[in-house]
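Trainee: Got a structure for you, written out below as structure tokens; questions coming shortly.
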Amino acid sequence: MASQEVLRQEPSRASLINDPKVRSLFFQTLVVIVLFGSVWWIVQNVIDNLQRLHIASGFGFLRGRAGFDISDTPIAYTSDSTYGRAIVVGLINTIIVAVAGIITATIIGFVIGIGRMSQNWLIQKICTVYVEIFRNIPPLLVIFFWYSGVLAVLPAPRDSYHLPFGSFLNQRGFYFPRAVWGDGSWLILVALVVALAMAWFVARTARQRQMATGQQFPVLWTSIALIVGLPLLAYVLSGFPLSFDLPKQSTFNLTGGFQIKPEFLSLYLALSCYTAAFIAEIVRAGIRGVSKGQTEAAAALGLRSGSILRLVVVPQAMRIVIPPLTSQYLNLTKNSSLAIAIGYPDLTATAGTVLNQTGQAVEGVLIMMIAYLVLSLVTSAVMNVVNARMALVER
Amino acid sequence: MSWVRTEMALAQPAPGSVRGPLAWVRKNLVGSVGDTILTILGIIIVAWVLPQVISWAFINAQWTGPDRTVCATVAQGGIQPDGWSGACWAFVNAKFGQFMFGTYPVEERWRPILVAILFVALLVPMLMPRVPRKGLNAILLFLALPIVSFVLLVGGMFGLPHVETSRWGGLLITLSLSFVGIAVSLPLGTVLALGRRSKMPIVKMLCVIFIEAVRGIPLITVLFFVSVMLPLFLPAGVSFDKYLRALIGVSLFAAAYMAEVVRGGLQAIPKGQYEGADSLGLGYWQKMGLIVLPQALKLVIPGIVNTFIGMFKDTSLVLIISMFDLLGIVKQNFSDANWATAQTAKSGLVFAAFVFWLFCFGMSRYSMYTERRLDTGHKR
């Protein structure tokens, strides 16, 4: 009892200045005051400046007539459309190039990354050279290289390179046949959806059966047969509704077909090549991160080398790979803003044009920032779902 | 009587199937059927790419020449035979001064050269672990050199004529932007990381918002922000130099990434270190400066250097706000009618890529060396 009283009766003699709570409160108050002061000062300046330049703030300008043309329009757009629609076109272009780039970069990156782990000396060196070159030069330079160095010096449309499947390559881009869907082609789509559903069902049943009885079922071949076979059957049944619009060479230009412009092509190729080098390193680190004991234990269980890779190494490596892979996807999306340097109308380019025409700098930059933040958040969210499925289930 | 050997048999050399070049080839190139196919594929790739690259860059290349005629075929108005394809190093040669200094006045170019010599003279001993007096060296490099460089490069005092930053260009901008960016972003990033791990909610929230917002947007948007919005934020009449604006943008951007790298290091330090420092009675800044940060920063050297490399590459984006760094000035010169040929763009870009590559590769190799040197065997 006595000792407790002794503890209680001695109040802290430290002065208020040394009390961590007081200090923290004081310091934060100071930060808030400084912050609000500077924000208020900035807002005042912005209001003054805008009044001086006769610019009305607010997002009303988005309904105004854009008056400029965009070269790549995935959705209907003319110079009579609104500023808002121009920005949406840019956003869609950004998403297209980002998604295409992510898919290609992942494929190249995995191939190169596994190549760097190869026993084969020559393959290993080739992959190392690739990674060391692309990791150490700026992405903008890679874009310029494709654009001015490779695609711009291709032959004129008259002397286009002829590629397989009736496609052409020249200064103005890459041309390939466009599919024209005739009557009854909806049947093919329906067949594809049905096939996908059936494949999913087969995979689930096969898995349940393997869990219960240990018997395996060739899921992969069945799925391929379903997904290829059913739409093909529908194609035949509905009377071959699919035809192709082939690009044709005329004197000065190619007509028909589907054209991929050099701006898109160089941006897409550059982003894929550049990001692939980073993905390759991530893949290598992931495979390295799985301890050798795992491989040896799997071999001791009698698994073949293919099964070891598929069932033991890759699932564990993916857990290490996915978080940094996500940040590479985000980097690629953000790097797609370099499109502005070669005139591909992505979000930054169209929003920049709108910003220059209207003078709505604050709103324009705000739209850009929010759009990229949302894109980043969506990508992170998707990858988090993938990550959660891959993560080790503990307790 | 004795059947036991008295002397040892001489050691035989290892059979050719396990040692020597043949065994190496067998093990590393043609180990299995799949391996052999891969090797053949590799040989095809090398045999296809390498001769083209060598003949383009060296054998067919034109090293000197007065104008575009040396790099164009007869059909294009030059002197080369039809079908000729080679690097136009003559273009790089002729424009070399511009690529290094931009439009910095020719008679004043000794100033950036002097700065470069001073920089190398201070940097090399800084990078060599055996050279003593690191403290003095660091003060000279990070405090004295920026002041001297500013005086030399900008001029306008001590009888040096003033050179506007709009006349700077080329490698001068690339290097100066990245050096200042590095010098600013590391301390700023460290402060932001400390703020993010701070127990004060408001400070923490501000740091989190800043870091996440900057990391979520592309550098171009940040550069747009500083080039378009900064003038709006300031009172009428006050304006910033464009170079300074780019500097602010690049530094802030790199600081946000640096903060996350440093935070990783801070999180990796065991709690015992923090508590140990507390129990010694150290204050916050003493605890961080003497105990935590030295360990944390050492842990994340690779990450820090990666951020530096990223920033060095990102300086090329100032081209978007019409400043001419190395890449920008190379690109600008494509349109020079005196030199416009099919090979000009490729040659200029390969040259720029080589310069960028040298710096980045050097940085990454140095960081690997430092990592090995500082490795105190604490790895688990």
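Trainee: Would you mind stating whether residue B:160 is more than 23 Å from residue B:369 (Cβ to Cβ) and at pLDDT below 80? First the steps, then the outcome.
Mentor: Values: more than 23 Å from residue B:369 (Cβ to Cβ): yes; at pLDDT below 80: yes.
Criteria met by residue B:160.
Trainee: Only one of these is of a type in the set (A, V, I, L, M), touching a Leu at 6+ places or on another chain (Cβ under 9 Å) and more than 30 Å from residue B:238 (Cβ to Cβ): A:95, A:112, A:108, A:75. Name it.
Mentor: Numbers: A:112 fails: touching a Leu at 6+ places or on another chain (Cβ under 9 Å); A:108 fails: touching a Leu at 6+ places or on another chain (Cβ under 9 Å); A:75 fails: touching a Leu at 6+ places or on another chain (Cβ under 9 Å).
Of the residues listed, the single one that is of a type in the set (A, V, I, L, M), touching a Leu at 6+ places or on another chain (Cβ under 9 Å) and more than 30 Å from residue B:238 (Cβ to Cβ) is A:95.
Trainee: So which of B:356, B:361 is touching a Leu at 6+ places or on another chain (Cβ under 7 Å) and either over 29 Å from residue B:181 (Cα atoms) or at pLDDT 90 or above (or both)? It would help to see each step written out before you state the result.
Mentor: Numbers: B:361 fails: touching a Leu at 6+ places or on another chain (Cβ under 7 Å).
Criteria check complete, one pass: B:356.
Trainee: Restricting segment A:248-301 to residues that are of a type in the set (Val, Ile, Thr) and outside any helix (DSSP H, G or I), which is farthest from the chain's Cα centre (by Cα)?
Mentor: First, pick out the residues of segment A:248-301 that are of a type in the set (Val, Ile, Thr): A:251, A:255, A:260, A:275, A:279, A:282-283, A:287, A:290, A:295.
Subsequent filtering for residues that are outside any helix (DSSP H, G or I) retains A:251, A:255, A:260, A:290.
Numbers: A:251: 39, A:255: 32, A:260: 19, A:290: 27 Å.
Out of the qualifying residues, it is A:251.
Trainee: Same structure again: Counting just the residues of segment B:319-347 that are out of contact with any strand residue (DSSP E or B) (no Cβ under 8 Å at 6 or more places or on another chain) and of a type in the set (Gly, Ala, Ser), which one comes out farthest from residue A:136 (Cα to Cα)?
Mentor: B:337
Trainee: What number of residues within segment B:345-357 satisfy the criterion of being more than 17 Å from residue B:53 (Cβ to Cβ) and more than 9 Å from chain A (Cβ to nearest Cβ)?
Mentor: The qualifying residues number 1.
Trainee: Look through B:141, B:114 and report the one residue that is within 23 Å of residue B:169 (Cβ to Cβ) and out of contact with any Gly (no Cβ under 6 Å at 6 or more places or on another chain). So that I can check it myself, show each step before the final result.
Mentor: Details: B:141 fails: within 23 Å of residue B:169 (Cβ to Cβ).
Every option except B:114 fails the conditions.
Trainee: Report the residue count in segment A:51-61 for those that are free of Cβ contacts under 8 Å to residues at least 40 places away in the same chain and surrounded by 13 or more Cβ atoms within 10 Å (Cβ to Cβ).
Mentor: Taking segment A:51-61 as the starting set, the residues that turn out to be free of Cβ contacts under 8 Å to residues at least 40 places away in the same chain are A:51-52, A:54, A:56, A:60.
Right, trim to surrounded by 13 or more Cβ atoms within 10 Å (Cβ to Cβ) and you get none.
Qualifying residue count for the region: 0.
Trainee: From the list A:228, A:219, pick out the single residue that is surrounded by 13 or more Cβ atoms within 10 Å (Cβ to Cβ), of a type in the set (A, V, I, L, M) and touching a helix residue (DSSP H, G or I) at 6+ places or on another chain (Cβ under 9 Å). Walk me through it before giving the result.
Mentor: On the way: A:228 fails: surrounded by 13 or more Cβ atoms within 10 Å (Cβ to Cβ).
When all the criteria are applied, what remains is A:219.
Trainee: What do you reckon, is residue A:140 part of a loop (DSSP other than H, G, I, E, B), touching a residue at least 12 places away in the same chain (Cβ under 8 Å) and either more than 13 Å from chain B (Cβ to nearest Cβ) or surrounded by 15 or more Cβ atoms within 10 Å (Cβ to Cβ) (or both)?
Mentor: Working: part of a loop (DSSP other than H, G, I, E, B): no; touching a residue at least 12 places away in the same chain (Cβ under 8 Å): yes; either more than 13 Å from chain B (Cβ to nearest Cβ) or surrounded by 15 or more Cβ atoms within 10 Å (Cβ to Cβ) (or both): yes.
Here the answer is no, as residue A:140 does not meet what is asked.
Trainee: Moving on. Of A:379, A:350, A:326, which residue is touching a Phe, Trp or Tyr at 6+ places or on another chain (Cβ under 7 Å), in a helix (DSSP H, G or I) and either within 13 Å of another protein chain (Cβ to nearest Cβ) or modelled with pLDDT of 85 or more (or both)? Let's see the steps before the verdict.
Mentor: Values: A:350 fails: touching a Phe, Trp or Tyr at 6+ places or on another chain (Cβ under 7 Å); A:326 fails: touching a Phe, Trp or Tyr at 6+ places or on another chain (Cβ under 7 Å).
Sole residue among the options that is touching a Phe, Trp or Tyr at 6+ places or on another chain (Cβ under 7 Å), in a helix (DSSP H, G or I) and either within 13 Å of another protein chain (Cβ to nearest Cβ) or modelled with pLDDT of 85 or more (or both): A:379.
Trainee: Which pairs do you get when a residue that is in contact (Cβ under 8 Å) with a residue 12 or more places away in the chain and closer than 14 Å to residue B:260 by Cα, found in segment B:192-209, comes within reach of a residue that is of a type in the set (Val, Ile, Thr) and exposed (fewer than 15 other Cβ atoms within 10 Å of the Cβ), reach meaning Cβ atoms under 6 angstrom, with the pair 6+ apart or on two chains?
Mentor: B:196/B:208
Trainee: Hey, another quick one. Which of the residues belonging to segment B:153-178 are touching a Pro at 6+ places or on another chain (Cβ under 8 Å) and at negative phi?
Mentor: Just the residues of segment B:153-178 that are touching a Pro at 6+ places or on another chain (Cβ under 8 Å), to begin with: B:153, B:155, B:161, B:163, B:167, B:172.
Once the filter is applied, which keeps residues that are touching a Pro at 6+ places or on another chain (Cβ under 8 Å) and at negative phi, segment B:153-178 yields B:153, B:161, B:163, B:167, B:172.
Trainee: Hey, among A:298, A:317, which residue is surrounded by 18 or more Cβ atoms within 10 Å (Cβ to Cβ), away from chain B (no Cβ under 12 Å), modelled with pLDDT of 85 or more and more than 30 Å from residue A:381 (Cα to Cα)? Step through it out loud before you land on a result.
Mentor: Working: A:317 fails: more than 30 Å from residue A:381 (Cα to Cα).
Result of the check over A:298, A:317: A:298.
Trainee: Could you grab me the full set of residues in segment A:343-381 that are more than 26 Å from residue A:265 (Cα to Cα) and either touching a strand residue (DSSP E or B) at 6+ places or on another chain (Cβ under 8 Å) or among the β-branched types (Val, Ile, Thr) (or both)?
Mentor: Matches in segment A:343-381: A:358, A:362, A:365, A:367, A:370.
Trainee: Please determine, by comparing only the residues of segment B:203-222 that are buried (at least 19 other Cβ atoms within 10 Å of the Cβ) and more than 10 Å from chain A (Cβ to nearest Cβ), which one is nearest to residue A:373 (Cα to Cα).
Mentor: Residue satisfying both the conditions and the ranking: B:211.
Trainee: What number of residues in segment B:317-340 are more than 8 Å from every other protein chain (Cβ to nearest Cβ), buried (at least 19 other Cβ atoms within 10 Å of the Cβ) and under 16 Å from residue A:144 (Cα atoms)? Steps first, please.
Mentor: Within segment B:317-340, the subset more than 8 Å from every other protein chain (Cβ to nearest Cβ) is B:318, B:321-326, B:328-330, B:332-333, B:335-340.
Next, from what is left, pick out any that are buried (at least 19 other Cβ atoms within 10 Å of the Cβ): B:318, B:323-326, B:328-330, B:333, B:339.
This time we only want the ones that are under 16 Å from residue A:144 (Cα atoms), so: B:318, B:324-326, B:328-330, B:333.
Summing the residues that are more than 8 Å from every other protein chain (Cβ to nearest Cβ), buried (at least 19 other Cβ atoms within 10 Å of the Cβ) and under 16 Å from residue A:144 (Cα atoms) in segment B:317-340 gives 8.
Trainee: Can you tell me which residue in segment A:125-137 is farthest from the chain's Cα centre (by Cα), limited to those that are buried (at least 17 other Cβ atoms within 10 Å of the Cβ) and part of a helix (DSSP H, G or I)? Give the steps one after another, and end with the answer.
Mentor: Restricting attention to segment A:125-137, the residues satisfying the condition of being buried (at least 17 other Cβ atoms within 10 Å of the Cβ) are A:126-127, A:130-131, A:134-137.
With the extra rule that they be part of a helix (DSSP H, G or I), the set shrinks to A:126-127, A:130-131, A:134-135.
Working: A:126: 26, A:127: 23, A:130: 21, A:131: 20, A:134: 19, A:135: 18 Å.
The residue in question is A:126.
Per-residue answers, yes or no, for (1) in contact with a Phe, Trp or Tyr (Cβ under 9 Å, 6 or more places away or on another chain); (2) within 14 Å of another protein chain (Cβ to nearest Cβ); (3) not β-branched (Val, Ile, Thr):
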| residue | (1), (2), (3) |
| --- | --- |
| B:262 | no, no, no |
| B:269 | no, no, no |
| B:281 | no, yes, yes |
| B:287 | yes, yes, yes |
| B:294 | no, no, yes |
| B:298 | no, no, yes |
| B:305 | yes, yes, no |
| B:308 | no, yes, yes |
| B:314 | yes, yes, yes |
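Trainee: Kindly check whether there is at least one residue in segment B:52-67 that is among the acidic types (Asp, Glu), away from chain A (no Cβ under 14 Å) and either in contact (Cβ under 8 Å) with a residue 12 or more places away in the chain or in a helix (DSSP H, G or I) (or both).
Mentor: First, pick out the residues of segment B:52-67 that are among the acidic types (Asp, Glu): B:67.
If we keep only those that are away from chain A (no Cβ under 14 Å) too, we end up with B:67.
In the following step, the residues that additionally are either in contact (Cβ under 8 Å) with a residue 12 or more places away in the chain or in a helix (DSSP H, G or I) (or both) were identified as B:67.
Checked segment B:52-67: at least one residue is among the acidic types (Asp, Glu), away from chain A (no Cβ under 14 Å) and either in contact (Cβ under 8 Å) with a residue 12 or more places away in the chain or in a helix (DSSP H, G or I) (or both).
Trainee: Counting just the residues of segment A:315-353 that are in contact with a Gly (Cβ under 6 Å, 6 or more places away or on another chain) and among the hydrophobic types (A, V, I, L, M, F, W, C), which one comes out farthest from residue A:69 (Cα to Cα)?
Mentor: Among residues in segment A:315-353 that are in contact with a Gly (Cβ under 6 Å, 6 or more places away or on another chain) and among the hydrophobic types (A, V, I, L, M, F, W, C), the one farthest from residue A:69 (Cα to Cα) is A:317.
Trainee: For segment B:61-79, name all the residues that are within 20 Å of residue B:95 (Cβ to Cβ) and among the polar types (S, T, N, Q).
Mentor: B:62, B:64, B:69, B:76
Trainee: Quick check on my filter: what residues within segment B:10-35 are more than 11 Å from residue A:121 (Cα to Cα) and either polar (S, T, N, Q) or facing chain A (nearest Cβ under 10 Å) (or both)?
Mentor: Matches in segment B:10-35: B:12, B:17, B:32, B:34.
Trainee: Shifting gears a bit: Just checking, does segment B:226-233 include any residue being exposed (fewer than 15 other Cβ atoms within 10 Å of the Cβ), part of a helix (DSSP H, G or I) and in contact with a helix residue (DSSP H, G or I) (Cβ under 7 Å, 6 or more places away or on another chain)? Step through it out loud before you land on a result.
Mentor: Here is the first cut: in segment B:226-233, the residues exposed (fewer than 15 other Cβ atoms within 10 Å of the Cβ) are none.
No, that holds for no residue.
Trainee: Moving to a separate point now. Between a residue in segment A:369-381 that is within 12 Å of residue A:330 (Cβ to Cβ) and touching a residue at least 40 places away in the same chain (Cβ under 8 Å) and any residue that is part of a helix (DSSP H, G or I) and of a type in the set (Val, Ile, Thr), which pairs come within a Cβ distance under 9 Å, given they are 6 or more apart or on different chains?
Mentor: Cβ pairs passing all conditions: A:375/A:94; A:375/A:95; A:375/A:333; A:376/A:333; A:379/A:102; A:379/A:326; A:379/A:333; A:380/A:326.
Trainee: For segment A:217-245, how many residues meet the condition of being part of a loop (DSSP other than H, G, I, E, B) and touching a Phe, Trp or Tyr at 6+ places or on another chain (Cβ under 9 Å)? Show your work before the answer.
Mentor: As a first pass, look at segment A:217-245 and keep what is part of a loop (DSSP other than H, G, I, E, B): A:217-218, A:238-241.
Checking the rest, the ones that are also touching a Phe, Trp or Tyr at 6+ places or on another chain (Cβ under 9 Å) come to A:238, A:241.
Here the count works out to 2.
The values are calculated or read from the model by the stated rules, or taken from the named source; none is laboratory data. Everything quoted here is computed from the prediction, not taken from an experiment. Heads up, the Cβs are rebuilt from the backbone with ideal geometry, glycines too, and the neighbour counts pull from every protein chain shown.
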